[in-house]
Amino acid sequence: MTIVKQTAVASDGHMKHLRNYLNNDEKVLLRDSLNMEMCEDVKGWSSFMAQTREAFGHNKVRMGRNGKPAKNTVVYHQILAFLPDECDVNGGKMSPEACMRYAREYIEKYYPHQQIVMALHKEYCREDKTYRYAVHMAINRSNLVTGKKLAEGRG
């Protein structure tokens with residue numbers, strides 16, 4: 001069974017960390033994307049997604065109930081983490097390519113109209129001292145068809 005984790009990216013620091021993690025050629029085994037055909041360089045995904053949000057008016061910061069600016073979630077960072085015993089590094093059947101196929105099917109089913117970049121990493125699992133694969137995704141909130149914001153909460 002695959003584990004899905006999601007966090008909302010609402011700060012410049014979090015976005016910088018996510019951008020660096022997804023663009024790190026030394027750690028990324030495979031990359032893929034959805035609805036990013038117009039982006040000339042996939043490593044420029046953050047700026048490209050920001051332009052899309054700006055076009056739809058989704059970069060505006062609203063005022064919170066306390067009169068202070070509210071946090072504006074710009075993208076969701078989702079992780080599909082495969083269990084260590086599923087991965088071929090531990091004798092399982094899931095190769096990096098199989099993990100990316102699974103991730104591709106997942107995003108096409110649940111987020112067909114979002115801009116998404118994915119990066120597959122081999123990660124160390126401290127709890128059982130094994131390795132596993134995890135696909136990290138940046139999911140832009142702007143729906144390219146409806147023009148509405150994806151709203152899945154903060155976490």
Notebook entry, point to check: Looking only at residues in segment 64-109 that are at pLDDT below 95, over 18 Å from the mean Cα position of the chain (by Cα) and small (G, A, S), which one is nearest to H17 (Cα to Cα)?
Noted result: A70
Next item on the list: Report, by residue number, each residue of segment 122-144 that is over 16 Å from V89 (Cα atoms) and open to solvent by 100 Å² or more (accessible area, probe 1.4 Å).
Entry: E127
Check: Out of (1) within 16 Å of the chain's Cα centre (by Cα); (2) among the small types (G, A, S); (3) part of a helix (DSSP H, G or I), the odd one out for A55 is which?
Finding: (1)
Checklist line | Residues that are of a type in the set (D, E) and within 14 Å of the chain's Cα centre (by Cα), drawn from segment 1-40 | finding: D32
Check: Restricting to segment 94-125, what's the tally of residues that are polar (S, T, N, Q) and in contact with a helix residue (DSSP H, G or I) (Cβ under 7 Å, 6 or more places away or on another chain)?
Finding: 2
Notebook entry, point to check: What pairs come up if the first residue lies in segment 27-55 and is farther than 14 Å from Q114 by Cβ, the second is part of a helix (DSSP H, G or I), and their beta carbons are under 6 Å apart, counting only those six or more places apart or on different chains?
Noted result: L29/P96; L30/P96; L30/M100; K43/N23; S46/R19
Checklist line | Residues satisfying the stated conditions in segment 54-83, i.e. of a type outside the set (G, A, S) and closer than 20 Å to H136 by Cβ | finding: T73, V74, V75, Y76, H77, Q78, I79, L80, F82, L83
Notebook entry, point to check: When the residues of segment 73-91 are filtered to those that are assigned to a loop (DSSP other than H, G, I, E, B) and open to solvent by 20 Å² or more (accessible area, probe 1.4 Å), which remaining residue is farthest from F48 (Cα to Cα)?
Noted result: G91
Next item on the list: List every residue pair whose Cβ atoms lie under 9 Å apart, where the two residues are 6 or more positions apart in sequence or sit on different chains, the first residue falls within segment 95-113 and is more than 12 Å from L80 (Cβ to Cβ), and the second residue, located anywhere, is open to solvent by less than 30 Å² (accessible area, probe 1.4 Å) and assigned to a helix (DSSP H, G or I).
Entry: none
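If you check L144 against the conditions, is it in contact (Cβ under 8 Å) with a residue 12 or more places away in the chain, within 18 Å of L22 (Cβ to Cβ) and not in a helix (DSSP H, G or I)? Don't jump to the end; show me each part of the working.
Numbers: in contact (Cβ under 8 Å) with a residue 12 or more places away in the chain: yes; within 18 Å of L22 (Cβ to Cβ): no; not in a helix (DSSP H, G or I): yes.
So L144 fails the test.
The values are calculated or read from the model by the stated rules, or taken from the named source; none is laboratory data. Bear in mind the structure is a predicted one, so any value in this text is a computation, not a measurement. Here the Cβ is made from the backbone with ideal geometry for all residues, glycine too, and neighbour counts use every protein chain on show. Accessible surface areas use protein heavy atoms only, side chains included; no ligands, DNA or RNA. Shrake-Rupley method; radii C 1.70, N 1.55, O 1.52, S 1.80 Å.
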